[in-house]
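Worksheet: the structure to be examined is printed underneath.
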Amino acid sequence: MYFKGNIKMTLLKYTNKAQVNANKAFNLYTVIFLLIGYCLISVSANAETTQGITSLSNTEQLTQLKVTPKPCVALRKGQKCYLEVTFSWQHPEISNYCLVNSTTNKTIKCWRQQTKGQYSFDFQSRLSNDFALRKQESSVDIARTTIPVAWVYKSSKRAKSTWRLF
Amino acid sequence: MNNTKLNKSLIPHLSLATIIFASTPFSSDIFASDISQNLRNNTEQVSDSEDYLEIGLMTRIRDTQTFKSSNGKGSYTSTGLFINGSYTWNNLFIENYSESGHGLVVGYNAFTNDNWSLDLMATSGWLKVNFENDGRYSPDKDELMVGGRLSGYVGNNIVQFSINQDVTGDHNGTTASALIGRNWQLRNWNFHGIIGVEYVSAKLNDYYVGVSDESAARWDNLDAYKADESVSFSTELGVTYPISEDWVFRATGRALTLPDAITDSPRSRSKKSVATSFHTSISYVF
């Protein structure tokens, strides 16, 4: 709206000046032409983008991968975090799907000829892990989710040696 | 009364602490922090004290020695706020851990290597949470002691030796302690255990529980008493659990032997040989 208002003011300004100076009028029309062209291209591009988002949104609405609860909280950074989590997913098409830990690239569980599924397991990690729903034998992520690992006490600012206490 | 026995028993402990203190090699780039804090936070090194601040609410249950002048009960429950935190700048540090039994600590990291670290420090009673059963009567005067703290890893354990000397001139007393502890992680629960021994000089004991000839003459029910040095033993078990990124739960139980130098004092009302305490807290970490 702000941008449109400015264009309108600029347009009036240039129109008044065009009555006085023909050369300036020519420049004005050029500017208007360029602006209109720019606006048309922008609107067109936005429409395409919106269509893309709408299309993606519809797919996302139908395809879901959720994990609860999260995050996993450890006392100190670097400590292994433990959390009993439950994944639930759904997809509009019946097919063979797999739940994959995309951080470690390991398949956790697969379902045959299903549109939804649920799986609970004991998450144990020092770092946040990404998970994805994929069709079996495919490496394309259909839906993604993350189990973030958080800490209360962050890392020391000082250098650490390689050995550990326990 | 049993002070002769105590004198004999404390010699090996002091010798051990002195030998370790004198023979440990040092270099510099890490910092020690309080052993209880290291164990509770399950840190990888004695150096892992980070800059942080937390405020919490603690409930304490104590069963300890009572004194005639304190009007206090031996066993009681109390609840209060506490502040924990530390800040380090160019080897200088300031810290306050309510669980440590000290108040505010200001210090300088003098030497360090991967396994050992030595801090020179001054401790006060400011911000002190008095859940630590030391069996001594708490005077109204501010405490100020200076000393050193050597922390290190021995196998799977953290050890800490410390020596502190009074500088207020109130009693010129000295304390020396040796603590050893370790922690275990069971899922997200962090357990720790500490056992320790503490030497307290006669000057310090006498300041707290001694009865001068003048006081004995002034009060009918007090005999003159000069306290001797003492050695006491302590043990602690605790657990720390991260409720969320900002909230931490803690629970700790503690037991401490009370030396004859304390219990034999005519100032004592009850004569317990062991003081116990349990505290649980929830704190917000900034």
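The values are calculated or read from the model by the stated rules, or taken from the named source; none is laboratory data. Source: prediction; values computed, not measured. Note that each Cβ is placed from the backbone with ideal geometry, even for glycine, and that neighbours are counted across all protein chains shown. Protein only, heavy atoms only, side chains kept; ligands, DNA and RNA dropped before computing areas. Shrake-Rupley method; radii C 1.70, N 1.55, O 1.52, S 1.80 Å.
Take A:Ile147 and decide whether it is more than 21 Å from A:Pro71 (Cβ to Cβ), touching a residue at least 60 places away in the same chain (Cβ under 8 Å) and surrounded by 15 or more Cβ atoms within 10 Å (Cβ to Cβ).
So A:Ile147 fails the test.
Every residue, every condition in (1) assigned to a strand (DSSP E or B); (2) free of Cβ contacts under 8 Å to residues at least 24 places away in the same chain; (3) hydrophobic (A, V, I, L, M, F, W, C), yes or no:
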{"position": "B:Ile180", "(1), (2), (3)": "yes, no, yes"}
{"position": "B:Phe191", "(1), (2), (3)": "yes, no, yes"}
{"position": "B:Tyr199", "(1), (2), (3)": "yes, no, no"}
{"position": "B:Tyr208", "(1), (2), (3)": "no, no, no"}
{"position": "B:Asn221", "(1), (2), (3)": "no, no, no"}
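Examine the range B:194-203 for a residue that is open to solvent by 40 Å² or more (accessible area, probe 1.4 Å), more than 16 Å from the chain's Cα centre (by Cα), modelled with pLDDT under 95 and within 14 Å of chain A (Cβ to nearest Cβ), and state whether such a residue exists. No; the residues of the range B:194-203 include none that is open to solvent by 40 Å² or more (accessible area, probe 1.4 Å), more than 16 Å from the chain's Cα centre (by Cα), modelled with pLDDT under 95 and within 14 Å of chain A (Cβ to nearest Cβ). For the range B:160-174, the set of residues classified as outside any loop (DSSP other than H, G, I, E, B), touching a residue at least 24 places away in the same chain (Cβ under 8 Å) and buried (at least 19 other Cβ atoms within 10 Å of the Cβ) consists of B:Gln160, B:Phe161, B:Ile163, B:Asn164, B:Asp166, listed by residue number. When the residues of the range A:71-86 are filtered to those that are among the basic types (Lys, Arg) and closer than 10 Å to A:Trp151 by Cβ, which remaining residue is farthest from the other protein chains (Cβ to nearest Cβ)? Per the criteria, the residue is A:Lys77.
Residues in the range B:240-286 that are among the β-branched types (Val, Ile, Thr), free of Cβ contacts under 8 Å to residues at least 40 places away in the same chain and outside any strand (DSSP E or B): B:Ile243 alone.
For the range B:220-259, what are the residues that are open to solvent by 30 Å² or more (accessible area, probe 1.4 Å) and more than 30 Å from B:Thr79 (Cα to Cα)? Selection gives B:Asp220, B:Asn221, B:Asp223, B:Ala224, B:Tyr225, B:Lys226, B:Asp228, B:Glu229.
Does B:Glu143 count as crowded, with 16+ Cβ neighbours inside 10 Å, under 16 Å from the mean Cα position of the chain (by Cα) and modelled with pLDDT under 60? Taking the combined requirement at face value, the residue does not satisfy it. If you go through the range A:105-125 and keep only what is polar (S, T, N, Q) and open to solvent by 80 Å² or more (accessible area, probe 1.4 Å), you end up with A:Asn105, A:Thr107, A:Gln113, A:Gln118, A:Gln124.
Say whether the condition of being more than 30 Å from B:Trp247 (Cα to Cα) and outside any strand (DSSP E or B) is met by at least one residue in the range A:127-136.
The initial filter retains those residues of the range A:127-136 that are more than 30 Å from B:Trp247 (Cα to Cα), namely A:132-136.
This time we only want the ones that are outside any strand (DSSP E or B), so: A:136.
The answer is yes, given that some residue of the range A:127-136 is more than 30 Å from B:Trp247 (Cα to Cα) and outside any strand (DSSP E or B).
Note on the range B:240-275: among residues that are among the β-branched types (Val, Ile, Thr) and in contact with a Lys or Arg (Cβ under 7 Å, 6 or more places away or on another chain), the one that is nearest to the other protein chains (Cβ to nearest Cβ) is B:Thr240. Is it the case, given these coordinates, that B:Ala217 is open to solvent by 20 Å² or more (accessible area, probe 1.4 Å), hydrophobic (A, V, I, L, M, F, W, C), free of Cβ contacts under 8 Å to residues at least 24 places away in the same chain and out of contact with any helix residue (DSSP H, G or I) (no Cβ under 6 Å at 6 or more places or on another chain)? Spelling it out, B:Ala217 is indeed open to solvent by 20 Å² or more (accessible area, probe 1.4 Å), hydrophobic (A, V, I, L, M, F, W, C), free of Cβ contacts under 8 Å to residues at least 24 places away in the same chain and out of contact with any helix residue (DSSP H, G or I) (no Cβ under 6 Å at 6 or more places or on another chain). For the criterion of being more than 27 Å from B:Met58 (Cβ to Cβ) and of a type in the set (S, T, N, Q), B:Ser230 passes.
How many of the residues in the range B:163-193 are within 14 Å of another protein chain (Cβ to nearest Cβ), among the polar types (S, T, N, Q) and at positive phi? Talk me through it step by step, then tell me what you get.
Residues of the range B:163-193 that are within 14 Å of another protein chain (Cβ to nearest Cβ), as a first pass: B:180-193.
Within this subset, residues satisfying the condition of being among the polar types (S, T, N, Q) are B:183, B:185, B:188, B:190.
Restricting the remaining residues to those that are at positive phi gives none.
Selection size over the range B:163-193: 0.
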